[in-house]
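Asks: Before I ask anything, let me first share the structure, which is written out below as structure tokens.
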Amino acid sequence: MTLKLFFQALTKFLAGLLLVCLLLFLPAGTFDYPQAWRLIGLLFTSMIIAGVWLMINQPELLSRRLNTKEEQHEQKWVVALSGLLFVAMFVVAGLGRRFDWYMLPDYDWITYPVIALFLTGYGLYFQVLRENIWLSRTIKVQQDQKVISTGLYGKVRHPMYAATLLLFLSMPLVAVMLLYVPIIALRIRNEEQVLERDLKGYKEYKQQVRYKVIPYIW
């Protein structure tokens, strides 16, 4: 671990926290928004835990995860669409709080299953980080990278996307986040083209593990 990496991670964490707060509370026009505070608490506490673990155990992986500069031309559009979807989800949720468009009752029978879904998604995300030391936010093959075919990667080829689907579907607007499905489908198509071309053994791995994101479905 280096001080440069620490401050880079801290800066991105604080910037992300500030951005989410602005996107939720400005459209809502109030800080009296329990669901937003709950989401922020869950999301950023989980991020802190994962970030500290990476900084201690896998600093090189953390460095790669902080690099978001995409080199693949097709992926730049996918990243841009994902960013717009991210902004739209929080802004519309905030506006829904302001104008009472769709607010669900804050009952335990709704809250606890949603929290459980979120924690399940983040648990899968953390496990993927543990299993794949070459994981990156950008699509490229690392030096000495090998195909991972055990653990979650023995069930689906892209468990990280499975985890993010659970995370996003537990957030404020399920209807908006359903648009994430075709976006990751585009990303996966290009990603697998790159991996088949540049990563030895990936074609054989695709034959071994048939499903991309959801076992027995997709």
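The values are calculated or read from the model by the stated rules, or taken from the named source; none is laboratory data. Note that the structure is a prediction, hence the values are computed from the model and not measured. Because the Cβ atoms are built from the backbone with ideal geometry, glycine has one as well, and the counts that use them run over all protein chains shown.
Asks: For the stretch 12-54, name all the residues that are without any contact (Cβ under 8 Å) to a residue 40 or more places away in the chain and of a type outside the set (A, V, I, L, M).
Replies: F13, G16, C21, F31, D32, W37, G41, F44, T45
Asks: Among the residues of the stretch 167-183, write down those that are assigned to a helix (DSSP H, G or I) and either modelled with pLDDT of 85 or more or over 14 Å from the mean Cα position of the chain (by Cα) (or both). Steps first, please.
Replies: So the first thing to find is which residues in the stretch 167-183 are assigned to a helix (DSSP H, G or I), and the list is 167-169, 174-177, 180-183.
The answer is V174, A175, V176, P182.
Asks: In the stretch 74-93, how many are surrounded by fewer than 18 Cβ atoms within 10 Å (Cβ to Cβ) and among the aromatic types (F, W, Y)?
Replies: Total satisfying the criteria: 1.
Asks: Of all residues being surrounded by fewer than 14 Cβ atoms within 10 Å (Cβ to Cβ) and of a type in the set (K, R) in the stretch 184-197, which is farthest from the chain's Cα centre (by Cα)? Just the residue, please.
Replies: Looking only at the stretch 184-197, we keep the residues that are surrounded by fewer than 14 Cβ atoms within 10 Å (Cβ to Cβ), and these are 189, 193, 196-197.
Checking the rest, the ones that are also of a type in the set (K, R) come to 189, 197.
On the way: R189: 18, R197: 25 Å.
Residue satisfying both the conditions and the ranking: R197.
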